[in-house]
1. Measuring from the lowest to the highest alpha carbon on each principal axis, how far does segment 70-151 reach, largest first, in angstroms?
2. Compute the FRET efficiency between LEU76 and TYR107 as 1/(1 + (r/R0)^6), taking r as their Cβ-Cβ distance and R0 = 22 Å, and round to the nearest 0.05.
3. Can you tell me which of 88-98, 187-197 comes out highest on packing, and rank the rest after it, using the mean Cβ neighbours within 10 Å?
4. Give me ASP223, ASP78, ASP170 ranked fewest to most by other Cβ atoms within 10 Å of their Cβ, as a rough exposure proxy.
5. Zone of ARG245 (label point 7 Å along Cα→Cβ, backbone N under 17 Å): which residues in segment 114-143?
6. Could you compute the net charge surrounding PRO152? Neighbours are other residues with a C-beta less than 15 Å from the C-beta of PRO152; K and R count +1, D and E count -1.
7. If amide hydrogens are placed 1.01 Å from N in the peptide plane, which non-local residues have theirs closer than 5 Å to the one on VAL146?
8. From the backbone phi of segment 150-157, what are the Karplus-calculated ³J(HN,Hα) couplings (6.51 cos²θ - 1.76 cosθ + 1.60, θ = phi - 60°) in whole Hz, Gly and Pro given as x?
Amino acid sequence: MNGVWNAIKEFEVFSGQKVYIFDNYRLSFIEIKKDVSMNTINNQTDDDSISLVAKLGFSMILYALFAVAYLTANRLIDINRCHSLTTTLDNLTPFIPAFIIPYLFIYVFTLLPALIIKSRKVFLKTITGGGLLIIASATIFVIYPVHVPRPPEIPAGFLGWIFNSLHWVDKPVCGFPSLHVGITLFPTLIVFRENRKWGWFFVVMAILTFFSTLLTKQHVIYDVLGGIFMAFLMDWLVMKNGYLRIMSICRTVFDNIRQYEAGS
């Protein structure tokens with residue numbers, strides 16, 4: 001049992017010869033025998049395996065969602081109605097073409113978690129959170145389109161070819177929030193909790209990706225901050241069951257409204 005996501009024994013309830021434990025994953029009580037060891041309990045309640053092929057398949061689906069959602073939003077946006085979030089600090093940020101290489105790390109980030117995350121529940125939550133992050137970001141792109149100025153001069157050679165290819169596919173819109181930052185930081189938070197050794201590697205890769213979005217003039221500072229916020233939001237909603245808290249608050253509000261209407 002590794003990490004907080006595998007901690008299934010939250011509390012016990014004794015009733016005669018019966019013992020009940022609360023399974024954090026199923027969000028329900030499970031009846032067990034009083035003399036059963038914790039290892040047996042773990043084996044009974046923690047069917048947590050998933051094949052590498054399945055994980056890679058889910059990762060490819062997420063990658064396809066990323067491509068479709070981003071490119072669809074990119075094509076729908078009229079550049080003439082875009083907002084600008086460029087600051088003085090963005091104008092002072094240098095253009096360093098070599099950072100286009102770490103900028104492309106995002107296409108690796110969609111596959112690496114499949115090789116590192118062992119828990120089925122954690123991995124499926126990671127895919128779900130990543131999908132929601134992509135859909136939410138694409139929706140914001142359309143509702144609040146942001147224009148990102150292109151670099152003043154594209155270099156020659158191989159790096160220039162990469163930039164020209166990227167600019168041909170990707171119009172200078174869909175800036176806020178940075179999906180590059182969000183889809184990089186979100187799995188980094190998860191992997192860091194699951195495997196600290198690989199987690200530090202992800203942190204370094206994520207930092208390089210953050211700087212690359214600015215130094216290649218693909219994003220501005222506010223875009224990066226927006227991507228960071230989206231990553232932490234999805235981590236709280238999906239990985240830390242924040243959606244259950246929201247549902248509980250909504251249920252309480254609706255119950256209070258019904259009580260008020262019934263009493264008036």
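1. Extents along the principal axes: 44, 31, 21 Å.
2. On the way: r = 23 Å, r/R0 = 1.04.
Efficiency, from the Cβ-Cβ distance: 0.45.
3. On the way: 88-98: 12.5, 187-197: 19.7.
Ranked by mean Cβ neighbours within 10 Å, highest first: 187-197, 88-98.
4. Working: ASP223 26, ASP78 8, ASP170 14.
Fewest-to-most Cβ neighbours within 10 Å comes out as ASP78, ASP170, ASP223.
5. Those under the cut-off are none; the list is empty.
6. Working: positive: ARG150, LYS217; negative: ASP90, GLU153.
Result for the local shell: 0.
7. Answer set, sorted by chain and number: HIS83, CYS174, GLY175, PHE176.
8. Per residue, the Karplus-derived 3J(HN,Hα) values read 6, x, x, 8, 8, x, 8, x Hz.
Only the coordinates and a few stated rules stand behind these numbers; no lab work does. For clarity, every value in this text was computed on a predicted model and none was experimentally measured. Cβ atoms come from the backbone with ideal geometry, glycine included; neighbour counts cover every protein chain shown.
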